[in-house]
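The values are calculated or read from the model by the stated rules, or taken from the named source; none is laboratory data. Not measured: the values here are computed from a predicted model. Note that we place each Cβ from the backbone using ideal geometry, even for glycine, and neighbour counts take in every protein chain shown. Each accessible area value is taken on the protein alone, full model and side chains, heavy atoms only, with ligands, DNA and RNA left out. Shrake-Rupley method; radii C 1.70, N 1.55, O 1.52, S 1.80 Å.
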Amino acid sequence: GTAHRELAERIAQSVGIQLTDVTVNTFPDGESFVKINENIRGRDVFLIQPTCPPTNHNIMELCVMVDAARRASAGRITAVIPFFGYARQDRKDQPRVPITAKLVANLLTAAGVDRVLTMDLHANQIQGFFDIPVDNLLGNPVFTNYLHQRYAGQEDDVIVVSPDVGSVARARAFAQKLGMGLAIVDKRRQKANSSEVMNIIGEVRGKKVLLFDDMVDTGGSLCGAAQALVELGGATEVVACASHGVLSGPAVERIEKSVIKEVFFLDTVPARPGVNCDKIKYLSVAHMFAEAIERIYEEISVSKLFV
């Protein structure tokens, strides 16, 4: 698909094959058109398309690609979705609202997807929205491999911090793998229309901090948590890690102006064109998806990748 061509090329290179020749266009009225220019009859087809912004367009393009592959008599169709859009709409948190993550699961299944391969879903229970197999890869190993080298011998001086209570389980697993301590930023509003009061659970004074989250959208929560860690907690340095850098609206500007020293993202979402921020770095997940694709193709266990 057109959502993240560079990642698709890196995955294909890691697998050791060429990307299939596919024509993917958009008509002047916005409709998607797909033509597969090679014979795929009976083949094991992997369609790579993160459903990042523009989310609606990328989801529809993926469904059109699936339909084209199904009508070309593909043997099995796996949707490789490094970033799963609408994952935050996973429950009814107020009256008369949709559960859009379930709707997207239904759309993909109805289009003809046989299997889904994704990474770091915002909520793990989204796997249950599908009636087909879903492999939810974990991006932790990519971060931990890099950070082990970066902070070798400094584990006692560095602490992992969850930017909110909802991300504690994810941050705890991350901290355990790195052999570091854990702290939590607890945000709450004392009354309507009042500013957020931040409490830091854990001791971060005089320490380097690793802020760990699954996604950065507008960057408000991340930058606010970083500021609280420095001003209230007394942290000496803040480095952030997040699986998906959606970076909507003022996110890049906020990161640039924040106290955060560096932000590391996985390349599940393409970097915004024309954005140049020295603080933002990307780590590639192509090799992880390549290994998962090979294991699915060879019908061997994928569970090794979840350790």
*Only residues that are open to solvent by 10 Å² or more (accessible area, probe 1.4 Å), more than 15 Å from A242 (Cβ to Cβ) and among the hydrophobic types (A, V, I, L, M, F, W, C): list them for segment 135-158, please.*
A152
*asked:* I need the full set of residues from segment 47-79 which are small (G, A, S) and touching a residue at least 40 places away in the same chain (Cβ under 8 Å), in order please.
replied: A69
*Applying the selection to segment 43-70, what residues are over 26 Å from the mean Cα position of the chain (by Cα) and open to solvent by 60 Å² or more (accessible area, probe 1.4 Å)?*
R43, R70
*Given (1) in a loop (DSSP other than H, G, I, E, B); (2) without any contact (Cβ under 8 Å) to a residue 12 or more places away in the chain; (3) closer than 25 Å to C277 by Cβ, where does H122 come up short, assuming only one miss?*
(2)
*For segment 126-159, how many residues are outside any helix (DSSP H, G or I) and of a type outside the set (A, V, I, L, M, F, W, C)?*
8
_I need the full set of residues from segment 94-108 which are assigned to a helix (DSSP H, G or I), open to solvent by less than 50 Å² (accessible area, probe 1.4 Å) and farther than 10 Å from F129 by Cα, in order please._
T100, L108
*Out of segment 160-182, which residues are farther than 18 Å from A242 by Cβ and either open to solvent by less than 20 Å² (accessible area, probe 1.4 Å) or assigned to a strand (DSSP E or B) (or both)?*
G181
*Matching residues, segment 274-296, being touching a Lys or Arg at 6+ places or on another chain (Cβ under 9 Å) and either open to solvent by 40 Å² or more (accessible area, probe 1.4 Å) or without any contact (Cβ under 8 Å) to a residue 40 or more places away in the chain (or both)*: K279, S284, H287, E291, R295
*What are the pairs, 6+ residues apart or on separate chains, where a residue within segment 228-239 that is assigned to a helix (DSSP H, G or I) has its Cβ under 7 Å from a residue that is among the small types (G, A, S)?*
L229/A235
*Residues that are open to solvent by less than 20 Å² (accessible area, probe 1.4 Å) and part of a loop (DSSP other than H, G, I, E, B), drawn from segment 262-273*: T268, V269
*From the residues in segment 241-254 that are over 18 Å from A87 (Cβ atoms) and at pLDDT below 95, which one is least open to solvent (accessible area, probe 1.4 Å)?*
V252
*Just name the residue that is farthest from A173 (Cα to Cα) out of those in segment 201-227 that are in a loop (DSSP other than H, G, I, E, B) and open to solvent by less than 20 Å² (accessible area, probe 1.4 Å).*
G219
_Test for V259: is it open to solvent by 30 Å² or more (accessible area, probe 1.4 Å) and hydrophobic (A, V, I, L, M, F, W, C)_ = yes
*Return yes or no: is V185 β-branched (V, I, T) and either open to solvent by 70 Å² or more (accessible area, probe 1.4 Å) or in contact with an Asp or Glu (Cβ under 7 Å, 6 or more places away or on another chain) (or both)?*
yes
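Just to be sure, is A123 hydrophobic (A, V, I, L, M, F, W, C), open to solvent by less than 40 Å² (accessible area, probe 1.4 Å) and out of contact with any helix residue (DSSP H, G or I) (no Cβ under 8 Å at 6 or more places or on another chain)? Even if it seems obvious, please write down each step before you answer.
Numbers: hydrophobic (A, V, I, L, M, F, W, C): yes; open to solvent by less than 40 Å² (accessible area, probe 1.4 Å): yes; out of contact with any helix residue (DSSP H, G or I) (no Cβ under 8 Å at 6 or more places or on another chain): no.
Criteria not met by A123.
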_Being within 26 Å of D217 (Cβ to Cβ) and either in contact with a Cys (Cβ under 8 Å, 6 or more places away or on another chain) or not aromatic (F, W, Y) (or both): is that true of L7 here?_
yes
*Counting only residues that are of a type in the set (A, V, I, L, M, F, W, C) and more than 17 Å from the chain's Cα centre (by Cα), which one in segment 71-89 is surrounded by the fewest Cβ atoms within 10 Å (Cβ to Cβ)?*
A72
